[in-house]
Amino acid sequence: MNTSLIAVAVAACLTVTPALADEAPATGTITVTAQRDQLKLEQRSDAGSRLDLSIMETPASVETLTQADLQFRGLRTAREAFADVPGAIAGNVPGNPAVVSMRGFAGNVVSILQDGVRISSSTVVQRDTNTWHFDRIEVIKGPASVLFGEGALGGVINKVTRKPTFDGNHMDSLLSYGSFNTLSAAGGINYQLSDTLAVRADASYLHSDSLYDVDNNETRSAGLTASLLFRPSDNLSVLLAVDHYNDRADSAYQGAVLIPLAYARDPSNAVSTANGMVIDRATRHRNYTPYGGYSGADDTTIRSRIDLKLGGGWSLGTDLLWYTADRAFVNNGTRTFVAPSAAFPNGSIQRGLTRFYHDHEFWNVRMALGNEGTILGMRNRFTIGAEYNHTDLASLRETSTTSLVSPVDPFTPNVGTFPTDGTQYRSSNVNFDSRLRTISVFAEDALNLTLRWLLVGGIRYDHMDLDRASTDYLVTPNVVTRANPVYEPISWRLGSSYAVTDELTFYGQYTTAVSPVSSILLMPLANTRFKLTKGYSYEGGFKLAAFDKRLTVTGAAYRIVQNDIITRDPNDPTLTVQGGTQSSQGVELSLGAAVTDELSLGASFSYADAQYDELIEAGGIDRSGNRPVNVPSTTAAANFAYTLPSAPVTLSGFVRHVSGFYTDTANTILVKGRTTFDAAVSWKASEGVTLALRGRNLTDAFYGEYSGYGSNDIYIGAPRSVEVSLAVRF
């Protein structure tokens with residue numbers, strides 16, 4: 001690597017990022033990271049509890065990225081934001097944009113919420129949304145089924161949309177342009193119609209030739225969110241909101257394909273494999289999906305929230321939500337390198353093709369009755385509630401055989417055009433119709449045994465009724481098979497926090513969770529015979545805010561276990577059974593420090609020892625002791641912020657390290673670790689107007705970001721890029 005680039009990167013990391021400082025007040029000083037973190041500890045978290053507990057009180061690890069954090073750190077999309085969470089990594093698999101790995105678990109066992117409501121598993125609904133629309137992103141690490149039902153084993157990410165405020169009329173906007181012809185524009189307006197009525201609307205648009213800088217990968221997304229808040233008295237609040245998002249990525253990128261070292265033109269060391277396969281830098285920009293392929297979605301949500309204070313410490317909260325989405329995944333299926341031949345002297349990439357479509361509708365109603373009072377003189381807060389939701393999903397899944405798709409040269413691919421003739425899809429052609437009805441009841445309680453000692457408990461019961469039908473169009477007459485499993489899980493947690501001083505709190509908790517063996521709406525009918533997997537976790541940690549809000553430190557140690565994952569019968573490996581186990585244990589640490597009014601520091605570290613405790617695969621091969629896919633052992637990050645004392649200029653820098661991870665359960669393909677550096681300089685041109693220049697991946701590191709559908713498909717992180725932005729608020 002060029003040593004001058006390293007020097008530049010190190011120097012940049014000793015500077016700052018505008019993401020680490022709030023807007024400068026008139027005095028020219030900044031609100032430092034540590035002070036904002038202290039305020040976060042005092043805030044209430046919608047995802048952490050329904051008891052209106054502060055993050056400091058909550059006996060769990062809670063991370064929050066505010067809109068200020070997202071803008072100043074240059075986090076444009078959901079994937080970028082999720083990847084910035086300490087201890088997490090994220091990727092952009094076409095059928096699962098912004099997929100997350102956290103605390104040793106990934107995919108459908110990490111729940112993504114929309115304003116506190118879980119619509120479906122993240123592998124079904126999550127899109128790479130523009131972060132402009134989020135007031136904040138809340139992250140609960142570890143199991144949370146007691147709050148949000150099945151699927152919340154590895155953790156929960158709650159995207160909280162911007163809402164109206166009663167602080168007057170104001171507008172804000174953000175315009176940026178940068179590498180790969182990437183243009184992003186967003187704006188919002190808050191209008192206070194009266195003392196009791198306010199509205200807010202936000203719009204965003206992003207266009208890029210490719211966020212990954214690969215061929216034929218034009219990407220665009222748009223969003224429109226609007227809401228009305230009616231607050232006629234201190235006792236009643238009514239929110240009505242509509243959210244609409246649209247996205248499309250042409251020839252959606254599915255990563256680089258591993259090829260044998262003997263045929264590579266510019267082999268990299270980004271991976272280590274047991275059979276000598278490498279990622280060839282010469283294929284860095286290649287995209288093998290035919291023209292006409294794409295990944296896209298169009299979804300709309302209408303929702304309301306009604307909060308009513310009944311008197312005597314009683315309150316009633318009601319959530320109503322309706323959601324509809326159309327999604328399409330028209331992409332490559334399997335992709336395999338084949339050795340050189342007369343027709344392809346450089347070797348070839350054999351491709352399959354898939355067409356998946358979703359027609360998805362969901363509605364939900366949730367009511368929760370709460371009370372704040374006393375029991376035997378001790379402060380007590382409790383909530384009891386019920387929830388009903390209904391899901392209809394139709395999913396057409398068509399797959400071609402590789403023999404029907406032309407192979408391509410790996411270096412100069414003539415990708416061709418995506419076939420529209422349905423007769424091409426003869427490997428499988430099936431439609432899944434799923435109807436899921438869930439009735440839930442839940443309760444939580446927080447009892448102050450003393451002024452400093454808080455005991456928190458919760459329990460949830462779900463009755464899940466799934467109707468699943470599969471229609472096979474390859475058989476005449478069409479064969480329809482059905483299944484109607486019913487699940488009745490119970491989840492609970494018990495935790496406690498103790499404030500040693502006003503600045504230091506220790507906490508601990510035990511919690512349980514449940515999750516299906518795969519996404520409940522898309523699992524093969526054969527898997528509907530399996531019961532839900534069960535998990536549990538215990539965790540202990542501390543939260544510190546000291547030195548007059550100038551130092552914030554949080555730490556946690558945990559263990560999570562998931563039982564009943566799918567494995568093979570050790571006595572008959574041809575039989576698929578439940579009985580496997582996966583676990584993870586680790587530690588996490590985050591801190592923010594205001595060294596001076598001009599200089600602030602931040603850092604985080606996480607270590608996860610994750611493994612399959614018991615897993616047997618086809619052929620009786622034992623994978624016990626191996627690390628799960630897309631799970632790094634270590635992540636670490638540091639940031640620095642410095643505002644020049646003599647000018648309205650902020651320098652910025654950020655460094656992040658992710659250790660290696662495997663792409664297969666056999667642990668034969670290791671994507672090596674990476675360290676990336678970002679930096680920026682911003683100038684406050686006038687009150688409410690800020691110009692910034694940002695650089696990402698300054699050393700132009702060549703690294704694998706995530707693995708995709710196949711173990712040989714590895715997404716290469718974006719190369720070095722620059723961006724200029726203009727933020728205006730008035």
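The values are calculated or read from the model by the stated rules, or taken from the named source; none is laboratory data. Keep in mind that this is a model prediction, so the values were computed, not measured. Using ideal geometry, Cβ is built from the backbone for each residue, glycine included, and neighbour counts are taken over all protein chains shown.
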Notebook entry, point to check: Within the group ARG426, ARG468, which residue is assigned to a loop (DSSP other than H, G, I, E, B), of a type in the set (Lys, Arg) and either touching a Leu at 6+ places or on another chain (Cβ under 9 Å) or over 13 Å from ASN389 (Cβ atoms) (or both)?
Noted result: ARG426
Check: Out of (1) more than 30 Å from THR417 (Cβ to Cβ); (2) in contact with a Lys or Arg (Cβ under 9 Å, 6 or more places away or on another chain); (3) buried (at least 20 other Cβ atoms within 10 Å of the Cβ), the odd one out for ASP172 is which?
Finding: (3)
Next item on the list: Filter segment 558-579 for residues that are touching a residue at least 24 places away in the same chain (Cβ under 8 Å) and in contact with an Asp or Glu (Cβ under 7 Å, 6 or more places away or on another chain) and give the result.
Entry: TYR558, THR567, ARG568, GLN578, GLY579
Margin query: From the list ASN246, ASN275, exactly one residue is in a strand (DSSP E or B), out of contact with any helix residue (DSSP H, G or I) (no Cβ under 7 Å at 6 or more places or on another chain), in contact (Cβ under 8 Å) with a residue 40 or more places away in the chain and among the polar types (S, T, N, Q). Which is it?
Written below: ASN246
Next item on the list: Report yes if some residue within segment 321-330 is in contact (Cβ under 8 Å) with a residue 12 or more places away in the chain, in a loop (DSSP other than H, G, I, E, B), out of contact with any Leu (no Cβ under 8 Å at 6 or more places or on another chain) and farther than 23 Å from ALA241 by Cβ; otherwise report no.
Entry: no
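Residues are listed down the side, and each one gets a yes or a no for (1) within 23 Å of the chain's Cα centre (by Cα); (2) under 19 Å from ASN639 (Cα atoms); (3) not in a loop (DSSP other than H, G, I, E, B):
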residue: ALA666; (1), (2), (3): no, no, no
residue: PHE677; (1), (2), (3): yes, yes, yes
residue: VAL681; (1), (2), (3): no, yes, yes
residue: LEU691; (1), (2), (3): no, no, yes
residue: ARG694; (1), (2), (3): no, yes, yes
residue: LEU698; (1), (2), (3): no, yes, no
residue: GLU705; (1), (2), (3): yes, no, yes
Notebook entry, point to check: Within segment 497-526, how many residues turn out to be under 22 Å from ASP465 (Cβ atoms) and more than 26 Å from the chain's Cα centre (by Cα)?
Noted result: 2
Item checked: Cross-chain or 6+ apart pairs with Cβ under 6 Å, segment 227-242 first and without any contact (Cβ under 8 Å) to a residue 60 or more places away in the chain, then part of a strand (DSSP E or B) and not β-branched (Val, Ile, Thr) -> PHE230/LEU197
Checklist line | Single unsatisfied condition, SER652 versus (1) in contact with a strand residue (DSSP E or B) (Cβ under 6 Å, 6 or more places away or on another chain); (2) among the hydroxyl-bearing types (Ser, Thr, Tyr); (3) surrounded by fewer than 23 Cβ atoms within 10 Å (Cβ to Cβ) | finding: (3)
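Per-residue answers, yes or no, for (1) polar (S, T, N, Q); (2) out of contact with any Cys (no Cβ under 9 Å at 6 or more places or on another chain); (3) at pLDDT 90 or above; (4) not in a helix (DSSP H, G or I):
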position: ARG36; (1), (2), (3), (4): no, yes, no, no
position: LYS40; (1), (2), (3), (4): no, yes, no, no
position: ASP46; (1), (2), (3), (4): no, yes, no, yes
position: ARG50; (1), (2), (3), (4): no, yes, no, yes
position: GLU57; (1), (2), (3), (4): no, yes, yes, yes
position: ALA60; (1), (2), (3), (4): no, yes, yes, yes
position: LEU65; (1), (2), (3), (4): no, yes, yes, yes
position: LEU70; (1), (2), (3), (4): no, yes, yes, no
position: GLY74; (1), (2), (3), (4): no, yes, yes, yes
Item checked: Matching residues, segment 505-539, being surrounded by fewer than 22 Cβ atoms within 10 Å (Cβ to Cβ), modelled with pLDDT under 90 and either β-branched (Val, Ile, Thr) or over 30 Å from LEU396 (Cβ atoms) (or both) -> VAL517, THR528
Margin query: Criterion first (more than 24 Å from GLN126 (Cβ to Cβ), among the hydrophobic types (A, V, I, L, M, F, W, C) and at pLDDT below 95) does VAL480 satisfy it?
Written below: yes
Next item on the list: Can you work out which of the residues in segment 287-306 that are among the β-branched types (Val, Ile, Thr) and in a strand (DSSP E or B) is surrounded by the most Cβ atoms within 10 Å (Cβ to Cβ)?
Entry: THR301
Checklist line | Search result, residues across segment 434-456 that are without any contact (Cβ under 8 Å) to a residue 60 or more places away in the chain and closer than 20 Å to GLU150 by Cβ | finding: ARG435, ARG437, ILE439, VAL441
Notebook entry, point to check: Which residues, taken from segment 395-423, are crowded, with 16+ Cβ neighbours inside 10 Å and in a strand (DSSP E or B)?
Noted result: SER395, LEU396, ARG397, GLU398, THR399, VAL408
